[in-house]
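*Asks:* I have a structure I would like to understand better, so I am pasting it below and will then ask my questions one at a time.
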Amino acid sequence: MLSRTAEGLFWMSRYVERMDFMARLLDAGRRLDSLPRRDGIPLNEWTSIVVASGSSDTFPSDPKSADALSVCEHLIRDTSNPSSIVSCIDAARFNAKAVRTSLTAEVWEAINQTQAELKQDLANGLDRKHLTQFLDKVRSRTILIGGAITETMLRNDRHGFVQLGKWFERADSTARLLDVKYHILLPRVSDVGGGLDYLQWLQILRAANSAGAFRQIYGRNLDAEGVVDLLVLNSDSPRSLRTALSHVYGEILTLASDHDHRHRDLVHRLRANYTQLMDLSVPDIFAEGLHEWLTKFIVELNGTAIETANVFGFGAKEVSESL
Amino acid sequence: MYNEMFRQSDLRKEYSVIDAWLRKHGPEALLERQAEAEALFRKIGITFAVYSEGDDTDRLIPFDMVPRVFNNAEWSIVETGSVQRAKALNCFIADIYGDRKIINEGIVPAEILENNPAYLKEMNGYRPPNDIWSHIIGVDIVRTDEDTFFVLEDNCRTPSGISYVLQNREVMTRIFPELFEGGLVRPVDGYGEHLATAMQESAPVNCKGEPTLALLTPGQFNSAYYEHYFLADLMGIELVEGSDLFVADDKVFMRTTKGPKQIDVLYRRIDDEFLDPEVFQKDSVLGVAGLMRAMKAGNVTVINAPGTGIADDKSIYTYVPDMIRFYLDEEPIIPNVPTYCCEREEDYAYVRANLADLVVKEVHGSGGYGMLVGPTSTQQEIDDFALKLAANPRNYIAQPTLALSTSPILTTDGMSPRHVDLRPYVISGKTTSLIPSGLSRVALREGSLIVNSSQGGGVKDTWVLTEGNSNA
């Protein structure tokens, strides 16, 4: 396959996944925003959403002053933000168009149609009333595109690079979503582990579509350790870091050639990362500090993504390493 | 004026199926289906960009649903006439970059090479496989009555439009399968294999084994990108851009995820001047440095070869009938339109005096830009054009306004006749042939003679009836 084609497939897929993540983040923001709070004590959930989205640098004002409207505008419609939903679907379509010969008609149509419809929905500005409706649509469209990929693409290298893009982005997204909680200041230290703390973790889990799964898996009420276990270490969850990394590792194993030493080096690096994650426990993570551990994870993940791009002949693009 | 649907006032039997279909549905219902067809085109992504509009909006080329029909006998004229022409044009290009017999024998003047940007001196002495330079030639043909066809111009560089021919048929068979019942129309499905075979047959001398084919596109911002994608997909070959390619050891490689892979036959859809910054435009990023070296070393075949524009220049056009006689020892099957070259003094005088009756074109122009259609122009437009003409007569040719045949199109007021032309695509590998269809372009404005899509023309599905149905 042409390296440029691999690049297009990889980034098409990453941008679709990123679009989905932006919708999930905003949904989390909306849910956090609606939690009851003490009078006079401002919470800063919208600031944490901006930080977690990696958009602090492009946010037009001080992220500390972020509110629902400005964050929605920046993460949905603002084209100066390369990760806004509009930027993501534009970039996904741009990449898809460049590699159309490598896509099935169904995948192309799903992306093409999604772009047209989302743009139409936003043509008259962002309507607060229809925000949840819009975010739901973004998520259902992502599922449609994913379904088209699963149901119509041959299981060859093309499919491999699409999967690779998706799982790299998924790992990055889940790590960032977990980190949202770190940035929301609780009013008092004693609130940690209290009611508000619990409710916030619940919203994070909901944004990851995993609230229902929690009780199924753990058979107990929700707590921070459980959330981290589910989203980092659980092998059954489609959103966990372990699942994402195991797919990245698996795809690379298939795509890499035995004859190229750079390919072999990449495989070794991923195997080491994956093994490390398999040996890890929740207490290990908390001992290091969740935020610190997540930051380290994201930096290493981006390093691997850059090496992957280089190994397969397409250079790295913007990859934000800041949290 | 000749309306292709009728013989005198009687419906031609070739159109009886279409006539019954038009009557059964009625124009209103059909116009609704037209919207369906357009939605289908947009969904598939068949769009083109118009450069002068300065944005990257994807637009649809207007599609008229009433098919245009050729019977067997009519098609045979088009087919033999285009093949003959393509053969002669290829002989001419080979001759110009070789021995120049046609010039030495005084049939074509040597001056045609002077100051001619289409003539590439770098190609002198090159010999492509099978001596074929222009593997895909589009021959623009018009008709003035039942038996009279003219060739309006030749396209020997990188003619476009074949994707519309194939997709128009695809959309028609999807929306109106009943029209095609019983094998009335000769299918066009073979084009991909036909072209791929010609490319394989054109493998360079140093290629051993199965040649690797690729299609070179300027990228997705090009107005014809859809077609590039479509053709690469149809043939199952890589669609490459300049940045995917590099030349090493006089061989062309593409960068792949498994390392470099050599390309043997490259169907390029970029202009000569951008092909190779080592030889042509220095700042071009669309092509690849070293391509010409690789080609001359016999390591890659470029399709169509560089320099083929020498054969489709409007000033060369007038000599094509002579070429047919000279190289093939045959009489032209389809004649040229009588043409006045304004560089000749007596022709210029005639054109000056008769601007109101003539069509005047730039010698190197294309796409219907910068031309004058005398009979439909105002006196002011004619006077303005006369000034441009006087400033540089050599730059213009003129032809009488032909009474182009018409074909009915669907309008909100029912059926209405519009002028049409036809571009069949002749493919040359080891043999020269074409598929039984071509691009029918139709003027959408009443009375207009300009059919170019960049000037608001549309397209139609073009049928060639199977033998049994032609004589029914």
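*Asks:* For the range B:172-202, name all the residues that are among the aliphatic types (A, V, I, L, M), out of contact with any strand residue (DSSP E or B) (no Cβ under 6 Å at 6 or more places or on another chain), in a helix (DSSP H, G or I) and farther than 17 Å from residue B:304 by Cα.
*Replies:* B:175, B:179
*Asks:* Looking at the range A:12-24, is at least one residue within 14 Å of chain B (Cβ to nearest Cβ) and touching a residue at least 60 places away in the same chain (Cβ under 8 Å)? Before the answer, list the steps.
*Replies:* Taking the range A:12-24 first, the residues within 14 Å of chain B (Cβ to nearest Cβ) are A:12.
Within this subset, residues satisfying the condition of being touching a residue at least 60 places away in the same chain (Cβ under 8 Å) are A:12.
There is at least one residue in the range A:12-24 that is within 14 Å of chain B (Cβ to nearest Cβ) and touching a residue at least 60 places away in the same chain (Cβ under 8 Å).
*Asks:* Turning to a different aspect of this structure: Could you check how many residues of the range A:262-301 are farther than 16 Å from residue A:244 by Cα, in a helix (DSSP H, G or I) and among the polar types (S, T, N, Q)?
*Replies:* 1
*Asks:* Also, I was wondering about something else. Which ranges mark the helices (runs of 4 or more DSSP H) fully within the range A:147-233 that have 1 or more residues being in contact with a His (Cβ under 6 Å, 6 or more places away or on another chain)?
*Replies:* Numbers: elements: A:157-183, A:195-207, A:211-218, A:224-228.
Once the helices (runs of 4 or more DSSP H) in the range A:147-233 are filtered for at least 1 residues that are in contact with a His (Cβ under 6 Å, 6 or more places away or on another chain), what remains is A:157-183.
*Asks:* Criterion first (within 30 Å of residue B:119 (Cβ to Cβ) and at pLDDT below 95) does residue B:225 satisfy it?
*Replies:* Numbers: within 30 Å of residue B:119 (Cβ to Cβ): yes; at pLDDT below 95: yes.
Answer is yes for this residue.
*Asks:* Condition (residue is among the small types (Gly, Ala, Ser) and either away from chain B (no Cβ under 14 Å) or free of Cβ contacts under 8 Å to residues at least 60 places away in the same chain (or both)) applied to the range A:133-140: is it met by at least one residue?
*Replies:* Taking the range A:133-140 and keeping what is among the small types (Gly, Ala, Ser), we get A:140.
Then keep just the ones that are either away from chain B (no Cβ under 14 Å) or free of Cβ contacts under 8 Å to residues at least 60 places away in the same chain (or both); that gives A:140.
Within the range A:133-140 (the criterion being among the small types (Gly, Ala, Ser) and either away from chain B (no Cβ under 14 Å) or free of Cβ contacts under 8 Å to residues at least 60 places away in the same chain (or both)), the answer is yes, since at least one residue qualifies.
*Asks:* Mind telling me which of the residues A:78, A:90 ends up being among the acidic types (Asp, Glu) and away from chain B (no Cβ under 14 Å)?
*Replies:* On the way: A:90 fails: away from chain B (no Cβ under 14 Å).
Answer to the check: A:78.
*Asks:* Right, here's the next one. Considering only residues of the range A:256-286 that are of a type in the set (Gly, Ala, Ser) and within 14 Å of another protein chain (Cβ to nearest Cβ), which is farthest from residue A:309 (Cα to Cα)?
*Replies:* Within the range A:256-286, the subset of a type in the set (Gly, Ala, Ser) is A:256-257, A:272, A:281.
Retained after the next criterion (residues that are within 14 Å of another protein chain (Cβ to nearest Cβ)): A:256-257.
On the way: A:256: 12, A:257: 14 Å.
Only one residue fits best here, namely A:257.
*Asks:* Quick check on the range B:203-249: of everything there that is more than 9 Å from chain A (Cβ to nearest Cβ), charged (D, E, K, R) and outside any helix (DSSP H, G or I), which residue is surrounded by the most Cβ atoms within 10 Å (Cβ to Cβ)?
*Replies:* B:249
*Asks:* Let me ask another. Just to be sure before I move on: is residue B:132 in contact with a Ser or Thr (Cβ under 6 Å, 6 or more places away or on another chain) and within 23 Å of residue B:201 (Cα to Cα) in the structure I sent? It would help to see each step written out before you state the result.
*Replies:* Values: in contact with a Ser or Thr (Cβ under 6 Å, 6 or more places away or on another chain): yes; within 23 Å of residue B:201 (Cα to Cα): yes.
So residue B:132 passes the test.
*Asks:* Shifting gears a bit: What's the number of the condition residue A:228 fails, among (1) more than 14 Å from chain B (Cβ to nearest Cβ); (2) over 26 Å from residue A:274 (Cα atoms); (3) under 22 Å from the mean Cα position of the chain (by Cα)?
*Replies:* (2)
*Asks:* Quick check: anything in the range B:328-346 touching a residue at least 40 places away in the same chain (Cβ under 8 Å), closer than 30 Å to residue B:213 by Cα and not in a loop (DSSP other than H, G, I, E, B)?
*Replies:* Our first condition is that a residue be touching a residue at least 40 places away in the same chain (Cβ under 8 Å); within the range B:328-346, this holds for B:328, B:330, B:332-343.
Checking the rest, the ones that are also closer than 30 Å to residue B:213 by Cα come to none.
Scanning the range B:328-346 turns up no residue that is touching a residue at least 40 places away in the same chain (Cβ under 8 Å), closer than 30 Å to residue B:213 by Cα and not in a loop (DSSP other than H, G, I, E, B).
*Asks:* I want to confirm something. Restricting to the range B:250-263 and keeping residues that are in contact (Cβ under 8 Å) with a residue 12 or more places away in the chain and part of a strand (DSSP E or B), which single residue is farthest from the other protein chains (Cβ to nearest Cβ)?
*Replies:* As a first pass, look at the range B:250-263 and keep what is in contact (Cβ under 8 Å) with a residue 12 or more places away in the chain: B:250-252, B:254, B:260-263.
Imposing the further condition that a residue be part of a strand (DSSP E or B) reduces the set to B:251-252, B:254, B:260-262.
Working: B:251: 17, B:252: 14, B:254: 6, B:260: 9, B:261: 9, B:262: 14 Å.
Step by step, filter the range B:250-263, then rank; the result is B:251.
*Asks:* From A:101, A:114, A:5, A:58, which residue is of a type outside the set (Phe, Trp, Tyr), under 30 Å from residue A:161 (Cβ atoms) and outside any helix (DSSP H, G or I)?
*Replies:* On the way: A:101 fails: outside any helix (DSSP H, G or I); A:114 fails: outside any helix (DSSP H, G or I); A:5 fails: outside any helix (DSSP H, G or I).
Testing whether each residue is of a type outside the set (Phe, Trp, Tyr), under 30 Å from residue A:161 (Cβ atoms) and outside any helix (DSSP H, G or I) leaves just A:58.
*Asks:* Just need a number here: residues in the range A:102-132 that are polar (S, T, N, Q), within 12 Å of chain B (Cβ to nearest Cβ) and touching a residue at least 40 places away in the same chain (Cβ under 8 Å).
*Replies:* 2
*Asks:* Something else now. Check whether at least one residue in the range B:275-293 is in contact with a Leu (Cβ under 6 Å, 6 or more places away or on another chain), part of a strand (DSSP E or B) and more than 14 Å from chain A (Cβ to nearest Cβ), and report yes or no. Break it down stepwise before answering.
*Replies:* Residues of the range B:275-293 in contact with a Leu (Cβ under 6 Å, 6 or more places away or on another chain): B:275-276, B:287-288, B:291.
Next, from what is left, pick out any that are part of a strand (DSSP E or B): none.
Scanning the range B:275-293, I find no residue that is in contact with a Leu (Cβ under 6 Å, 6 or more places away or on another chain), part of a strand (DSSP E or B) and more than 14 Å from chain A (Cβ to nearest Cβ), so the answer is no.
*Asks:* Now, a different point. Determine if the range B:82-100 includes at least one residue that is over 20 Å from residue B:431 (Cα atoms) and either touching a strand residue (DSSP E or B) at 6+ places or on another chain (Cβ under 6 Å) or free of Cβ contacts under 8 Å to residues at least 24 places away in the same chain (or both). Give the steps one after another, and end with the answer.
*Replies:* Just the residues of the range B:82-100 that are over 20 Å from residue B:431 (Cα atoms), to begin with: B:96-100.
Subsequent filtering for residues that are either touching a strand residue (DSSP E or B) at 6+ places or on another chain (Cβ under 6 Å) or free of Cβ contacts under 8 Å to residues at least 24 places away in the same chain (or both) retains B:99-100.
Yes - at least one qualifying residue is present in the range B:82-100.
The values are calculated or read from the model by the stated rules, or taken from the named source; none is laboratory data. Note that the structure is a prediction, hence the values are computed from the model and not measured. Using ideal geometry, Cβ is built from the backbone for each residue, glycine included, and neighbour counts are taken over all protein chains shown.
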